[in-house]
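A.B. asks: I'd like to ask some things about the structure below.
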Amino acid sequence: MNDALTLSAVERIYRTEAGALPVLRGVDLALRPGEIVALVAPSGTGKSTLLHLAGLLERPDGGTVAIDGRNTGALSDRDRTATRRDKIGFVYQFHYLQGDFTALENVVLPQMIAGKTRAEAAIRANALLASFGLADRIDHLPGKLSGGEQQRVAIARALANRPSLLLADEPTGNLDVATADAVFAELLLTVRTHGVAALIATHNPALAARMDRIVTLRDGRLAVWD
């Protein structure tokens, strides 16, 4: 079985008026299906950049990014978009739900973009939302949901197209401790049950300690957290 994500000697350099700014200097990382890894590092060290590269939102300046064993370096923009749609789920600190759509519609929409009929997408959306304890909230607009409920809808949306890789940037950072713990428990159960590989950027050491591994960024390279 292929790793869901493989980063090999990945480099990222930003061009500024002051000159080249190396952010990632040869990052190596492999995530197996069913594995959840915490990325813990101070702000400004390249966490978001690493997630953007892993999620094919940016292209590396060196090295390779492989999704399910497929090197994405030579993919066209159209194929990269299709890979993001079909293989990768994203969860952010701020849920970015569509405010004019119900919880159900927010989970239906990415499936319809991927080619499912509305009826097919609704079946999957209902099942996902029910698994996150939201069966009685499916017809509510995001503005009528609590912060924890909104984030659970966002996670359901990220899982709608059955991705092999889940990338999350501070997914519980905007929640109180009890709600964050409940959301993470559901996220962990999903990873284990469905064999999704997950890379979770977090500043919460208690949550990080519950994951399989903790890694950090030091001088643009990945290291084991100690």
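The values are calculated or read from the model by the stated rules, or taken from the named source; none is laboratory data. This structure is a prediction, so every number in the text was calculated from the model and none was measured. All Cβ positions, glycine included, derive from the backbone under ideal geometry; neighbour counts span all protein chains shown. These accessible areas exclude ligands, DNA and RNA; they are computed on the full protein's heavy atoms, side chains included. Shrake-Rupley method; radii C 1.70, N 1.55, O 1.52, S 1.80 Å.
A.B. asks: Let me make sure I get this right: for region 123-186, a, b and c are the square roots of the gyration tensor eigenvalues over alpha carbons, sorted descending. Under 1.5 in a/c it's rounded, otherwise prolate if a/b > b/c, else oblate. Which is it? Write out the running numbers ahead of the final one.
C.D. replies: Numbers: a/c = 1.79, a/b = 1.09, b/c = 1.64.
Oblate, because a/c is 1.5 or more while a/b does not exceed b/c.
A.B. asks: Just tell me which lysines come within less than 23 Å, Cα to Cα, of K47; anything on the same chain fewer than 8 places away is out.
C.D. replies: Correct list for K47: K87.
A.B. asks: With an 8 Å Cα cut-off and a minimum separation of 6 or more residues, compute the relative contact order for the chain in percent.
C.D. replies: Dividing the mean separation by the residue count of the chain yields 31 percent.
A.B. asks: Heavy atoms only, probe 1.4 Å: what % of the accessible area of region 11-108 goes to carbon and sulfur, would you let me know?
C.D. replies: Numbers: 2370 of 4840 Å².
That fraction is 49 percent.
A.B. asks: While we're here: With Cβ to Cβ distances under 14 Å as the rule, what net charge do the other residues near Y14 carry (K, R +1; D, E -1)?
C.D. replies: Numbers: positive: R12, R15, R25, R59; negative: E11, E17, E58, D61.
Spelling it out: positives minus negatives among the neighbours equals 0.
A.B. asks: Write down the percent of antiparallel bridges among all DSSP beta bridges whose residues are both part of the chain, to the nearest 5. It would help to have the intermediate numbers written out before the result.
C.D. replies: Working: 21 of 38 bridges.
That works out to approximately 55 percent antiparallel.
A.B. asks: Here is a follow-up. Convex hull over the Cα atoms of region 75-118, averaged projected area in nm²?
C.D. replies: With the hull built on Cα positions only, its mean projection is 3.9 nm².
A.B. asks: I've got another one for you. Suppose only helical runs count, i.e. DSSP H with n ≥ 4. What mean residue ellipticity at 222 nm does that imply for the chain under -39500 (n - 2.57) per run, divided by all residues and rounded to the nearest 500 deg cm²/dmol?
C.D. replies: Values: 7 runs with 79 residues, N = 226.
Estimated from H runs of four or more residues: -10500 deg cm²/dmol.
A.B. asks: Across region 129-226, how large is the tail of the calculated P(r) beyond 24 Å, expressed as a percent of all Cα pairs? Mind dumping the intermediate values first?
C.D. replies: Numbers: 1168 of 4753 pairs.
Tail of P(r) above 24 Å: 25 percent of Cα pairs.
A.B. asks: For region 56-161, run through the GluC sites (Glu not before Pro) and keep only the ones in DSSP coil with at most 10 other Cβ atoms within 10 Å of their Cβ. Don't skip to the answer; put the middle values down first.
C.D. replies: On the way: sites: E58, E105, E120, E149; in loops: E58.
Passing sites in region 56-161 do not exist.
A.B. asks: Rounded if a/c is under 1.5, else prolate if a/b is larger than b/c, else oblate: which is the chain, with a ≥ b ≥ c the root eigenvalues of its Cα gyration tensor?
C.D. replies: Verdict is prolate for the chain.
A.B. asks: Let me ask something additional. Any chance you could check the Cα centroid distance between region 61-140 and region 207-226 for me, in angstrom?
C.D. replies: After rounding, the separation between the Cα centres reads 27 Å.
A.B. asks: Another question, then. When each pair of different Cα atoms in region 166-220 is counted once in the 1/r mean, what is the Kirkwood radius in angstroms, to one decimal?
C.D. replies: Working: mean 1/r = 0.0840 Å⁻¹.
About 11.9 Å for region 166-220.
A.B. asks: Have a look at G63, G195, G19 and tell me which one the Gaussian network model of the chain (Cα, springs below 10 Å) gives the largest fluctuation.
C.D. replies: Looking only at G63, G195, G19, the largest GNM fluctuation is found for G19.
A.B. asks: Just the number please: accessible area per residue for the chain, 1.4 Å probe, all protein chains included, in Å².
C.D. replies: Numbers: 10880 Å² over 226 residues.
On a per-residue basis, the chain sits at 48 Å².
A.B. asks: Check G62: other-chain or 5+ apart residues with amide H under 5 Å from its amide H, H built from backbone geometry?
C.D. replies: For G62, the qualifying residues are E11.
A.B. asks: In straight Cα distance, which lysines are under 27 Å from K144, not counting same-chain residues fewer than 8 positions off?
C.D. replies: Straight-distance partners of K144: none at all.
A.B. asks: Moving to a separate point now. First select every other residue whose beta carbon is under 14 angstrom from the beta carbon of P42; then total the charges, Lys and Arg +1, Asp and Glu -1.
C.D. replies: Working: positive: K47, R218; negative: E170, D219.
Every neighbour counted, the sum reads 0.
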